[in-house]
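The values are calculated or read from the model by the stated rules, or taken from the named source; none is laboratory data. Because the structure is predicted, anything quoted here is derived from the model rather than measured. Cβ coordinates were reconstructed from backbone atoms using ideal geometry, including for glycine residues, and neighbour counts include every protein chain displayed. Protein only, heavy atoms only, side chains kept; ligands, DNA and RNA dropped before computing areas. Shrake-Rupley method; radii C 1.70, N 1.55, O 1.52, S 1.80 Å.
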Amino acid sequence: MGAFPQTMYFVGLNEPVGQEASLTGLTVEGTLPPEVRGSFYRAVPDPAWPPKFENDHTLSGDGMVSRLSFNADGTADFAIRFVETARYLAEKAAGHAKFGKYRNPFTDDADVQGVDRTVANTTPVWHAGRLLMAKEDGRPYRVDPKTLETLGSYDFGGALKSETMTAHVRIDPATKELFFYGYEADGLASTKVSYCVVGPDGALKSEQWFDAPYCAMMHDFTISENYALFPIYPTTADLERLKAGGEHWHHEQELDSWLGVMPRYGDVAEIRWFKGPKGVHSYHMMNAWEDEAGLLHFDACLNSTNAFAFIREPSGIHLQPWEVQGALTRWTVDPKADGGAVQETVIGPPGDFPVIPAARQGRPYTHGWMLTMNPELQGPPLPGGPVGAMFNLLLRLDMRGGPPQALALPPMAGFNEPVHVPAADPAHEGWLVTIVDQQVGDNAFVHQAWVLDAGNIAAGPVAKVTIPLRLRPQVHGWWVPQAELDAA
Ligand code: V55
Ligand code: FE
């Protein structure tokens, strides 16, 4: 078979690695806070084989699950393995790619028609003692949290009807319930969306289906204490286009966005649709919460269009990356109203990968962290990731309006999405753990895990671990405290 395409999705930091590894006893430099004991799981797309199509991109990469464990003796372990999906195994048996374009099974080899084609590459989700590797186009794969061995496709013990579960779930900090949804729940380009609640014991308690206003890429959603909120942005799928061998997604700049709101334990028939601006798009929401007056606030990293060039370009939207406008944006609605328009307020800078403490999920919150591009950087950002440049500024935002705090990286270095680790003292904001990639020479990279004081990120890392391997950029991560791993 051929080589990987020499496009930005497969060169430099994005060059496929495909190397499974297990390292123990790595040195932790600095002072590791005692609370940072457990495992940081990461989902890393990494195509095992050169793609069938030259225009392939990051999101099709086979999922690898990675674990960075902080041990009792002050050392760290690192491991990474492929998720052995049905697709990965079929291509491994053949010795080359058999599945075609991103989310277009009509472009697959005839002999793999009907084989589960998800790549489980987006988020490691930990709930009720199970680790699931999720991607929005299919059901998750369960993996062993210790060995990272693949245990198979997961359907909640046969209970789940939906063919999909997205990679963005929400866990209520009080009830420990898992809230999730799946779009294109009964097939390609369908408007059917499943909405599910899983008990703290891991049992699927409810699954309801509703129709979205149109078939949209519903990458993330939110819950508040009393509501479930489903944003719809106009990145849309079309079955005829797929049958003709086209792209799964086109962005439609002239189509309305929507926010669907329902009581989180209610009936999907109660969903009220609030209208947002035309053409906007968000991958990730920071939080949703209710104020004392009963208004519902929905805080998202909103952009003027889809952030991914490989979605914009086939849609006829030709923009340079810096022409995409963005801001952390609040949509406020009265959940008791019968619909209407969202009230929009800019509350923060452009960027993505918002993080809050798990304990503030769905509640009013005082601080959030996110990644952005440093407007003052005197040198190039590090090329990599699905957008083409890695974020190089970490921000701590004061949601009450105080000034932000920032940690900047030098040119040719980038942050992956941090995870938040709570501190024992509730007055302490906890810790962030993030992988920092730095280019140090011609196709030479250093990858380190940094542990930061979440309340004082500007001080830089309190501890660092160098991972002596080539690492591809992650998508999302998850922190699992050691006590939860021991109990599972
Ligand atoms: C995203 C990532 C995906 C995907 C759809 O980051 C959207 C957004 C890694 O896979 O399939
Ligand atoms: Fe995501």
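Counting only strands (runs of 3 or more DSSP E) that fall entirely inside the range 380-488 and contain at least 3 residues that are at negative phi and touching a Phe, Trp or Tyr at 6+ places or on another chain (Cβ under 6 Å), the qualifying elements are 431-441, 477-481.
Among the residues of the range 58-79, those that are over 19 Å from Leu151 (Cβ atoms) and either within 16 Å of ligand 1 (Cβ to nearest atom) or among the basic types (Lys, Arg) (or both) comprise Thr58, Leu59, Ser60, Gly61.
Taking the listed residues Leu242, Leu296, the one that is modelled with pLDDT of 95 or more, of a type outside the set (S, T, N, Q) and closer than 26 Å to Met399 by Cβ is Leu296, with no other qualifying.
Being touching a residue at least 60 places away in the same chain (Cβ under 8 Å), within 16 Å of ligand 1 (Cβ to nearest atom), among the hydrophobic types (A, V, I, L, M, F, W, C) and buried (at least 21 other Cβ atoms within 10 Å of the Cβ) is true of Phe82. Is there a residue in the range 277-286 that is open to solvent by less than 10 Å² (accessible area, probe 1.4 Å), within 16 Å of ligand 2 (Cβ to nearest atom) and among the polar types (S, T, N, Q)? There is at least one residue in the range 277-286 that is open to solvent by less than 10 Å² (accessible area, probe 1.4 Å), within 16 Å of ligand 2 (Cβ to nearest atom) and among the polar types (S, T, N, Q). Filtering the range 184-201 to residues that are in a loop (DSSP other than H, G, I, E, B), farther than 18 Å from Thr118 by Cα and open to solvent by less than 10 Å² (accessible area, probe 1.4 Å) leaves only Gly199.
Would it be correct to say that Trp273 is more than 16 Å from ligand 1 (Cβ to nearest atom) and either under 24 Å from the mean Cα position of the chain (by Cα) or modelled with pLDDT of 95 or more (or both)? Taking the combined requirement at face value, the residue satisfies it.
Beta carbons closer than 6 Å, at least 6 apart along the sequence or on distinct chains, pair a first residue in the range 176-191 that is more than 14 Å from Leu229 (Cα to Cα) with a second that is in a strand (DSSP E or B) and of a type in the set (D, E, K, R) for Ala185/Lys192; Asp186/Lys192; Thr191/Asp211.
Is at least one residue of the range 144-158 over 21 Å from Val280 (Cα atoms) and within 16 Å of ligand 1 (Cβ to nearest atom)? The answer is no; no qualifying residue exists. When Glu225, Glu240, Glu252, Glu163 are checked against the criterion of being open to solvent by 10 Å² or more (accessible area, probe 1.4 Å) and either within 24 Å of Leu131 (Cα to Cα) or under 21 Å from the mean Cα position of the chain (by Cα) (or both), a single residue qualifies: Glu163. Answer yes if at least one residue in the range 136-151 is open to solvent by 10 Å² or more (accessible area, probe 1.4 Å), within 16 Å of ligand 2 (Cβ to nearest atom), in contact (Cβ under 8 Å) with a residue 12 or more places away in the chain and basic (Lys, Arg), and no otherwise. No, there is no match, as no residue in the range 136-151 is open to solvent by 10 Å² or more (accessible area, probe 1.4 Å), within 16 Å of ligand 2 (Cβ to nearest atom), in contact (Cβ under 8 Å) with a residue 12 or more places away in the chain and basic (Lys, Arg).
All of Phe99, Phe180 fail the test of being over 20 Å from the mean Cα position of the chain (by Cα) and either at pLDDT 95 or above or more than 16 Å from ligand 1 (Cβ to nearest atom) (or both), apart from Phe99.
Filter the range 166-183 down to the residues that are open to solvent by 10 Å² or more (accessible area, probe 1.4 Å) and in a strand (DSSP E or B), then identify the one that is nearest to Ala203 (Cα to Cα). Only one residue tops the list, namely Ile171.
Here's the yes/no breakdown for (1) within 15 Å of ligand 1 (Cβ to nearest atom); (2) closer than 27 Å to Ala358 by Cβ; (3) of a type in the set (Asp, Glu):
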residue: Tyr283; (1), (2), (3): yes, yes, no
residue: Asn303; (1), (2), (3): yes, yes, no
residue: Phe310; (1), (2), (3): yes, no, no
residue: Leu319; (1), (2), (3): no, no, no
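Selection within the range 84-129: residues that are touching a Gly at 6+ places or on another chain (Cβ under 9 Å) and within 16 Å of ligand 2 (Cβ to nearest atom). The member of this set that is farthest from Asp56 (Cα to Cα) is Pro124.
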